[in-house]
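Note sheet for the following structure.
The values are calculated or read from the model by the stated rules, or taken from the named source; none is laboratory data. Please read these numbers as outputs of a predicted model, since none were measured by experiment. Using ideal geometry, Cβ is built from the backbone for each residue, glycine included, and neighbour counts are taken over all protein chains shown.
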Amino acid sequence: MREFVVVSVLRQPVWLPFIQSLVPAGFPSPAQDHESAALDLNALLLPHPDATYLIRAYGDSMMGGEDGIRSGSLLAVDCTLEPRSNDVVIASLDGMDYTLKRLIQRPDQSWWLVPDNPTYPAIPIDTPDVFTVWGVVTHIVNETRPGKLGQYVRAR
(Lines give C-alpha, C1' and ligand atoms only; values in the text may rest on other atoms or scores of the structure.)
Protein backbone atom coordinates (compact mmCIF):
# COMPACT_ATOMS: atom_id res chain seq x y z
CA MET A 1 0.00 0.00 0.00
CA ARG A 2 1.29 3.48 -0.83
CA GLU A 3 1.86 6.08 1.84
CA PHE A 4 0.62 9.61 1.25
CA VAL A 5 1.84 12.74 2.93
CA VAL A 6 -0.90 15.29 3.50
CA VAL A 7 0.36 18.85 3.20
CA SER A 8 -1.02 21.31 5.74
CA VAL A 9 -3.26 23.94 4.19
CA LEU A 10 -2.81 27.65 4.90
CA ARG A 11 -6.05 28.96 6.42
CA GLN A 12 -5.56 32.69 5.78
CA PRO A 13 -6.86 34.13 2.50
CA VAL A 14 -4.40 34.36 -0.36
CA TRP A 15 -5.67 37.35 -2.33
CA LEU A 16 -4.43 37.67 -5.88
CA PRO A 17 -5.46 40.06 -8.65
CA PHE A 18 -8.11 38.55 -10.88
CA ILE A 19 -8.72 40.10 -14.27
CA GLN A 20 -12.32 39.40 -15.15
CA SER A 21 -12.06 39.64 -18.92
CA LEU A 22 -11.52 36.44 -20.89
CA VAL A 23 -8.27 35.66 -22.68
CA PRO A 24 -8.89 34.27 -26.15
CA ALA A 25 -7.15 30.98 -26.82
CA GLY A 26 -7.64 31.48 -30.55
CA PHE A 27 -7.16 34.74 -32.42
CA PRO A 28 -6.21 37.82 -30.39
CA SER A 29 -8.97 40.32 -29.75
CA PRO A 30 -8.65 44.11 -29.64
CA ALA A 31 -7.44 45.49 -26.32
CA GLN A 32 -10.16 46.05 -23.76
CA ASP A 33 -10.35 47.84 -20.46
CA HIS A 34 -9.52 45.17 -17.94
CA GLU A 35 -11.42 45.25 -14.69
CA SER A 36 -9.52 43.77 -11.81
CA ALA A 37 -10.92 42.15 -8.71
CA ALA A 38 -9.39 40.15 -5.87
CA LEU A 39 -9.68 36.38 -5.74
CA ASP A 40 -8.93 34.25 -2.67
CA LEU A 41 -7.27 31.06 -3.91
CA ASN A 42 -7.93 29.25 -0.62
CA ALA A 43 -11.67 29.91 -0.86
CA LEU A 44 -11.68 28.75 -4.49
CA LEU A 45 -9.49 25.65 -4.21
CA LEU A 46 -10.16 24.64 -0.60
CA PRO A 47 -13.73 25.53 0.42
CA HIS A 48 -13.62 22.88 3.19
CA PRO A 49 -10.00 23.17 4.43
CA ASP A 50 -10.48 20.70 7.30
CA ALA A 51 -11.70 18.05 4.86
CA THR A 52 -9.57 18.84 1.82
CA TYR A 53 -6.14 17.57 0.95
CA LEU A 54 -3.69 18.17 -1.86
CA ILE A 55 -2.04 15.30 -3.66
CA ARG A 56 0.07 14.91 -6.79
CA ALA A 57 -0.93 12.58 -9.60
CA TYR A 58 1.58 10.35 -11.30
CA GLY A 59 1.31 8.05 -14.28
CA ASP A 60 -0.63 8.48 -17.50
CA SER A 61 -3.93 6.67 -16.92
CA MET A 62 -5.82 9.98 -16.62
CA MET A 63 -4.12 11.74 -19.53
CA GLY A 64 -6.20 12.48 -22.59
CA GLY A 65 -9.37 13.64 -20.87
CA GLU A 66 -10.94 17.07 -20.84
CA ASP A 67 -9.69 17.81 -17.32
CA GLY A 68 -6.02 17.88 -18.31
CA ILE A 69 -4.78 15.59 -15.55
CA ARG A 70 -1.23 14.51 -16.23
CA SER A 71 1.63 13.07 -14.24
CA GLY A 72 2.72 15.76 -11.77
CA SER A 73 -0.63 17.54 -11.61
CA LEU A 74 -1.50 18.87 -8.16
CA LEU A 75 -5.04 17.82 -7.21
CA ALA A 76 -7.33 19.42 -4.63
CA VAL A 77 -9.45 16.61 -3.15
CA ASP A 78 -12.59 17.37 -1.11
CA CYS A 79 -13.73 14.64 1.29
CA THR A 80 -17.07 16.31 2.09
CA LEU A 81 -18.53 15.82 -1.39
CA GLU A 82 -20.76 12.88 -2.17
CA PRO A 83 -19.26 11.26 -5.30
CA ARG A 84 -21.43 11.39 -8.41
CA SER A 85 -21.16 9.80 -11.81
CA ASN A 86 -18.42 11.43 -13.92
CA ASP A 87 -16.52 12.77 -10.87
CA VAL A 88 -12.78 12.19 -10.73
CA VAL A 89 -12.11 10.44 -7.42
CA ILE A 90 -9.35 9.00 -5.27
CA ALA A 91 -10.58 5.46 -4.58
CA SER A 92 -9.48 2.19 -3.07
CA LEU A 93 -10.73 -1.29 -3.97
CA ASP A 94 -10.38 -4.25 -1.61
CA GLY A 95 -8.24 -2.16 0.74
CA MET A 96 -5.49 -2.12 -1.90
CA ASP A 97 -3.56 0.82 -3.31
CA TYR A 98 -5.30 4.07 -4.06
CA THR A 99 -6.15 5.00 -7.61
CA LEU A 100 -7.18 8.16 -9.43
CA LYS A 101 -10.05 7.43 -11.83
CA ARG A 102 -13.36 8.76 -13.12
CA LEU A 103 -16.38 7.25 -11.34
CA ILE A 104 -18.98 6.30 -13.94
CA GLN A 105 -22.46 4.84 -13.60
CA ARG A 106 -23.37 3.04 -16.79
CA PRO A 107 -26.93 2.75 -18.20
CA ASP A 108 -27.31 -0.72 -16.64
CA GLN A 109 -26.76 0.99 -13.23
CA SER A 110 -23.33 -0.65 -12.72
CA TRP A 111 -20.49 1.47 -11.36
CA TRP A 112 -16.99 1.60 -12.85
CA LEU A 113 -13.67 3.33 -12.26
CA VAL A 114 -12.70 4.55 -15.71
CA PRO A 115 -9.35 6.02 -16.78
CA ASP A 116 -9.37 8.96 -19.21
CA ASN A 117 -6.60 7.26 -21.20
CA PRO A 118 -8.31 4.67 -23.45
CA THR A 119 -5.27 2.37 -23.41
CA TYR A 120 -6.09 1.42 -19.80
CA PRO A 121 -9.01 -0.85 -18.86
CA ALA A 122 -12.03 0.26 -16.83
CA ILE A 123 -12.37 -1.35 -13.41
CA PRO A 124 -15.81 -2.68 -12.42
CA ILE A 125 -16.98 -2.06 -8.87
CA ASP A 126 -18.39 -5.52 -8.30
CA THR A 127 -18.50 -5.47 -4.51
CA PRO A 128 -19.37 -1.99 -3.20
CA ASP A 129 -18.66 -3.01 0.40
CA VAL A 130 -14.92 -3.19 -0.36
CA PHE A 131 -14.89 0.04 -2.38
CA THR A 132 -13.99 3.36 -0.74
CA VAL A 133 -13.87 6.87 -2.16
CA TRP A 134 -11.25 8.96 -0.34
CA GLY A 135 -12.40 12.21 -1.93
CA VAL A 136 -13.58 13.98 -5.06
CA VAL A 137 -11.07 15.94 -7.13
CA THR A 138 -12.33 19.51 -7.41
CA HIS A 139 -9.37 21.35 -8.93
CA ILE A 140 -6.27 20.52 -10.93
CA VAL A 141 -3.11 22.63 -10.99
CA ASN A 142 -0.68 22.00 -13.84
CA GLU A 143 2.68 23.62 -14.41
CA THR A 144 3.48 25.20 -17.73
CA ARG A 145 7.11 25.65 -16.68
CA PRO A 146 8.12 22.33 -15.10
CA GLY A 147 9.99 22.12 -11.84
CA LYS A 148 8.60 24.95 -9.73
CA LEU A 149 5.69 23.14 -8.05
CA GLY A 150 7.98 20.85 -6.09
CA GLN A 151 9.59 23.86 -4.43
CA TYR A 152 6.33 24.79 -2.72
CA VAL A 153 5.15 21.32 -1.65
CA ARG A 154 6.97 20.03 1.40
CA ALA A 155 6.40 17.27 3.90
CA ARG A 156 5.94 18.08 7.57
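Structure values in brief
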| item | result |
| --- | --- |
| Hits in the range 61-80 - residues which are in contact with a helix residue (DSSP H, G or I) (Cβ under 9 Å, 6 or more places away or on another chain), hydrophobic (A, V, I, L, M, F, W, C) and in a loop (DSSP other than H, G, I, E, B) | 79 |
| Residue that is modelled with the lowest pLDDT, among those in the range 25-69 that are aliphatic (A, V, I, L, M) and exposed (fewer than 11 other Cβ atoms within 10 Å of the Cβ) | 31 |
| Number of the condition not met by residue 88 [criteria: (1) hydrophobic (A, V, I, L, M, F, W, C); (2) closer than 23 Å to residue 43 by Cα; (3) touching a residue at least 60 places away in the same chain (Cβ under 8 Å)] | (3) |
| Scan of the range 93-107 for residues that are part of a strand (DSSP E or B) and at pLDDT below 90, ordered by number | 93, 98 |
| Residue identified as of a type in the set (Lys, Arg) and under 29 Å from residue 12 (Cα atoms) among 106, 56, 84, 102 | 56 |
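Residues are listed down the side, and each one gets a yes or a no for (1) part of a helix (DSSP H, G or I); (2) surrounded by fewer than 16 Cβ atoms within 10 Å (Cβ to Cβ):
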{"site": "109", "(1), (2)": "no, yes"}
{"site": "113", "(1), (2)": "no, no"}
{"site": "120", "(1), (2)": "no, no"}
{"site": "129", "(1), (2)": "yes, yes"}
{"site": "132", "(1), (2)": "no, yes"}
{"site": "136", "(1), (2)": "no, no"}
{"site": "140", "(1), (2)": "no, no"}
{"site": "143", "(1), (2)": "no, yes"}
{"site": "146", "(1), (2)": "no, yes"}
